[in-house]
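Accompanying notes for the structure given below.
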Amino acid sequence: MAATAELRGLNATDRCDRCGAQAYVRVELDGGAELLFCAHHAREHEDKLRAVAVAIHDETGRLGTTDV
């Protein structure tokens, strides 16, 4: 049985690889690489990301909340 690491949640220091805004989506790629995206760019590139992603961790549900 292979061990899997639990991914930490995204926070304010995680930045979109496309524009530098706060990241709310982590895309895991084959081989362990990951890409981070703001909600805007994750939506814009969603179809292409789904085609290459091993997993997508989406925290866009946090937008508009007052929780810190």
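When region 31-44 is filtered for residues that are modelled with pLDDT of 95 or more and more than 12 Å from the chain's Cα centre (by Cα), only E44 remains.
In region 29-44, the residue that is farthest from G61 (Cα to Cα) out of those that are outside any strand (DSSP E or B) and either touching a residue at least 12 places away in the same chain (Cβ under 8 Å) or acidic (D, E) (or both) is D30.
Among residues that are assigned to a helix (DSSP H, G or I), in contact with a helix residue (DSSP H, G or I) (Cβ under 8 Å, 6 or more places away or on another chain) and surrounded by 12 or more Cβ atoms within 10 Å (Cβ to Cβ), L49 is included. Within region 12-28, being part of a loop (DSSP other than H, G, I, E, B) and modelled with pLDDT of 95 or more holds for T13, D14, C16, D17, R18, C19, G20, A21, A23, Y24.
The values are calculated or read from the model by the stated rules, or taken from the named source; none is laboratory data. None of the values given here were measured: they were computed from a predicted structure. Positions of Cβ are generated from backbone atoms using ideal geometry, with glycine treated the same way; all protein chains shown enter the neighbour counts.
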